[in-house]
Amino acid sequence: MHRRRFLTLAALASALPLAARAAVDHAAMGHGPAPADPHAGMDHAGHHGAAPAARSAPAVALPEGAPLPALAPLANRSRQAGRFVGELVAAPARVGLAADGRSTEVWAYNGSLPGPLIEVYEGDTVEIDFVNRLPQPTTIHWHGLPVPAEQDGNPMDPVAPGERRRYRFTLPADSAGSYWYHPHPHGHTAEQVFRGLAGAFVVKSRRDPLGQLRDVPLLLSDLRLDEHAAIPPNTPADWMDGREGDYVLVNGALRPVLTLADGERVRLRVWNATSARVLRLALPGYETWRVGSDGGLIEAPRREAEIVLSPGERAEWVVTGRAQPGALVALPYRRGKMMSAEVDETLTLASLAPAARVASAPLPRRLRRIAPLPAPAVRRQIVLEENMADPKAMFTLNGRVYDMARADFVGRVGQVEEWEVVNRADMDHPFHLHGTQFQVLARHDGRGWRDEPYRAWRDVVSLPAGHAVRLRFVQALPGMRMFHCHILEHEEQGMMGQIDVRG
Ligand code: C2O
Ligand code: CU
Ligand code: CU
C-alpha cells in the first residue's frame, strides 16, 4: 500500500508535463481555454493520511427529487414486423439542467439527454439513419451487440461533420439483453460522451421468464457543470484518472424518485454509462436478486446485495418493494486515482417511495441456460500497464498504444479464444471487448485464482489494480474488433488494441 503510494507520487511528477500538454492540445483544438494549472490537481493527489481535498461543491445546483423520468423511446418508422427503422441525429442542443433556469449546451442524440431508448426484439433487423451535425467526426458504436464489424461504428469508419450514414444489422436469436450506444471516433470519444452522447439499447425476448415484471431502465451518467452552467473540457486530472462529474444522473435526472409498491417486484436494468466511475451499487434494506449481466439473463437468480458496475457495464436486478422509503446508493469505492480525490462517501442516486401493498409472483428458479464455452483453440495474454514516464504511451496494452492500422492479433470466426487479462497498473482498468460476449472463468485478486461462481455473458469486466481475469469467447462474425479500457480517457490515449477476425 505504502509502496504503491510512493510509486504513484514518483510517477506523478513525470506525468504532469503530458497532462499539461493534453490540456493545451485541447485548447488548441478549439475547446476553449486550457484548464487550470495542473498543479492544482496535485494538491489533493496522493496525500496519504491527510484528508484529501473533498471535491469542491458543484458550481451549479440542479433540481432534484422529481419522479424518475422514463427514457424516451426512439420511434420505429417501419410498419413491417421484425424490422425497426429509426433516425438518430447527433447535434449540439440547449437544454435546461440548472435549477436557476440557465440553459446548457450539450451534444445529444435527437436533442435528448440521455439519448432515446432503442427497444427491439431478438431476430429483428435494425436500420438506423444517422446524421452527424457535430463539429467533429463521430460514429455510433453498438456497445455489446453482435453486429457486423463494418456496422459497429469502429474508429476507422468515421461519419464526417454534415454527413449521414445508415447502420444496419440483424440481431441473432438469444441476444436479449441491455446494451447501449455511444460514439467511438478516434480522438473524440471521451468528449462526445461527456457532452451527452449515449443511449440505452434493449433487446427483448418473446419468451422472457421475467416478462411479467415491471421493467425499469436506469441509465447512470455523469455530469459536470462550471459556474456558467456549461460543460467544461477535461482537466489534466481527468486525462489521468478518467473524468468524473459533480453529479451522477439517473435517466438524466438528479436523485429522482422511483415509486415501488410494498411487495412489488420490479426488474431494474442498470447501465453504468459514466466515463470513469466504478459504481458499487446497493439498495440497503431491500431484498435484491441479480438476474442479469451485460448480455442478458443469467441462469438462475442470485442473492446479491451489492453490484459493482464498472464504466460501460450493465446488470439486471430484481428488487422487492417495502413499506418504508429507501434509496439506491453508490457505496464508497477507491479505484486508485492519482490526481483526484477518491469518492469516500455514499452517494444517493435515487430514492424509493413506497405505495400500497401489492402481491407479486415468486421469481422463477431458472432463467436461461448458458452453455459453457469449450476448451480454447488459442490462448492469449493481455497486460494492462501505466507508464507515467512516457507521455506518448502512458496507458498501454501489451506495451503498446492503439494503432488503427495494426492488428494486434489475428483470430478466426467460430474459434474459442481464452484470454488472460492482467492489470499490472495502479488504477482499476475495466476491460471491454467488441463484437461478442465473453464468459469469465476465473479471477485473480492479487493473491490467487478463484473460479467464477456462476456463468454470465459479459462484455465489460471490472479489473482492479493488481487483479487478473480469465475469459473465453467466440466471435461469430469476421472483421476488426477493438478491446480496451472503458475509462474513456484511457481508451482515447491508446489503451486499446484490436483483433482481426478472419472468416
Ligand atoms: Cu463502449 Cu469500444 O466501447
Ligand atoms: Cu463496445
Ligand atoms: Cu483505464
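The values are calculated or read from the model by the stated rules, or taken from the named source; none is laboratory data. All values reported here derive from a predicted model rather than from experimental measurement. No Cβ is skipped: glycine too gets one built from the backbone with ideal geometry, and neighbour counts run over all protein chains shown. Heavy atoms of the whole protein, side chains included, go into the accessibility calculation; ligands, DNA and RNA do not. Shrake-Rupley method; radii C 1.70, N 1.55, O 1.52, S 1.80 Å.
When the criteria are applied in full, residue 214 meets the requirement of being in contact with a strand residue (DSSP E or B) (Cβ under 8 Å, 6 or more places away or on another chain), farther than 27 Å from residue 233 by Cβ and basic (Lys, Arg).
Could you say whether any residue in segment 415-426 is within 20 Å of residue 337 (Cβ to Cβ), charged (D, E, K, R), outside the structural domain of residue 298 (by TED's automatic domain parsing) and open to solvent by 10 Å² or more (accessible area, probe 1.4 Å)?
There is at least one residue in segment 415-426 that is within 20 Å of residue 337 (Cβ to Cβ), charged (D, E, K, R), outside the structural domain of residue 298 (by TED's automatic domain parsing) and open to solvent by 10 Å² or more (accessible area, probe 1.4 Å).
In segment 451-492, how many residues are among the aliphatic types (A, V, I, L, M), within 15 Å of ligand 2 (Cβ to nearest atom) and open to solvent by 10 Å² or more (accessible area, probe 1.4 Å)? Matching residues across segment 451-492 total 2.
Filter segment 407-426 down to the residues that are in contact with a Pro (Cβ under 9 Å, 6 or more places away or on another chain) and over 28 Å from residue 173 (Cβ atoms) and list them by number. Result: 423, single match. Of the residues screened, residue 370 is not one that is touching a Phe, Trp or Tyr at 6+ places or on another chain (Cβ under 9 Å), outside the structural domain of residue 277 (by TED's automatic domain parsing) and over 26 Å from residue 300 (Cα atoms). With respect to the conditions (1) open to solvent by 50 Å² or more (accessible area, probe 1.4 Å); (2) more than 30 Å from residue 371 (Cβ to Cβ), residue 326 lacks only one, and its number is (1). For segment 134-159, a residue qualifies if it is of a type in the set (Ser, Thr, Tyr) and in a loop (DSSP other than H, G, I, E, B), and exactly one does: 139.
Among (1) over 22 Å from the mean Cα position of the chain (by Cα); (2) more than 26 Å from residue 96 (Cα to Cα); (3) in contact (Cβ under 8 Å) with a residue 24 or more places away in the chain, where does residue 257 come up short? Of (1) over 22 Å from the mean Cα position of the chain (by Cα); (2) more than 26 Å from residue 96 (Cα to Cα); (3) in contact (Cβ under 8 Å) with a residue 24 or more places away in the chain, only one is false for residue 257: (2). Here residue 360 clears all of (1) part of a loop (DSSP other than H, G, I, E, B); (2) modelled with pLDDT of 95 or more; (3) open to solvent by less than 50 Å² (accessible area, probe 1.4 Å); (4) of a type in the set (S, T, N, Q) except the condition numbered (2).
Of everything in segment 145-185 that's acidic (Asp, Glu) and away from ligand 2 (no atom under 16 Å from the Cβ), which residue is nearest to residue 413 (Cα to Cα)?
The qualifying residue nearest to residue 413 (Cα to Cα) is 174.
Here is the figure for segment 83-120: residues that are open to solvent by 40 Å² or more (accessible area, probe 1.4 Å) and more than 22 Å from residue 182 (Cβ to Cβ) total 7.
Set side by side, the residues 497, 503, 411 differ, and just one is in contact (Cβ under 8 Å) with a residue 24 or more places away in the chain, surrounded by fewer than 23 Cβ atoms within 10 Å (Cβ to Cβ) and within 16 Å of ligand 2 (Cβ to nearest atom), which is 497. Pick from segment 382-402 the residues that are surrounded by fewer than 16 Cβ atoms within 10 Å (Cβ to Cβ) and farther than 23 Å from residue 470 by Cβ: which of them is farthest from ligand 1 (Cβ to nearest atom)? Filtering first and then ranking leaves 389.
Residue-wise test of (1) within 20 Å of the chain's Cα centre (by Cα); (2) aromatic (Phe, Trp, Tyr); (3) over 20 Å from residue 437 (Cβ atoms).
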{"site": "271", "(1), (2), (3)": "yes, yes, no"}
{"site": "275", "(1), (2), (3)": "yes, no, yes"}
{"site": "282", "(1), (2), (3)": "yes, no, yes"}
{"site": "286", "(1), (2), (3)": "no, yes, yes"}
{"site": "290", "(1), (2), (3)": "yes, no, no"}
{"site": "293", "(1), (2), (3)": "yes, no, no"}
{"site": "305", "(1), (2), (3)": "no, no, yes"}
{"site": "308", "(1), (2), (3)": "yes, no, no"}
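For segment 272-281, the count of residues that are under 15 Å from residue 216 (Cα atoms), crowded, with 20+ Cβ neighbours inside 10 Å and at pLDDT 95 or above is nonzero.
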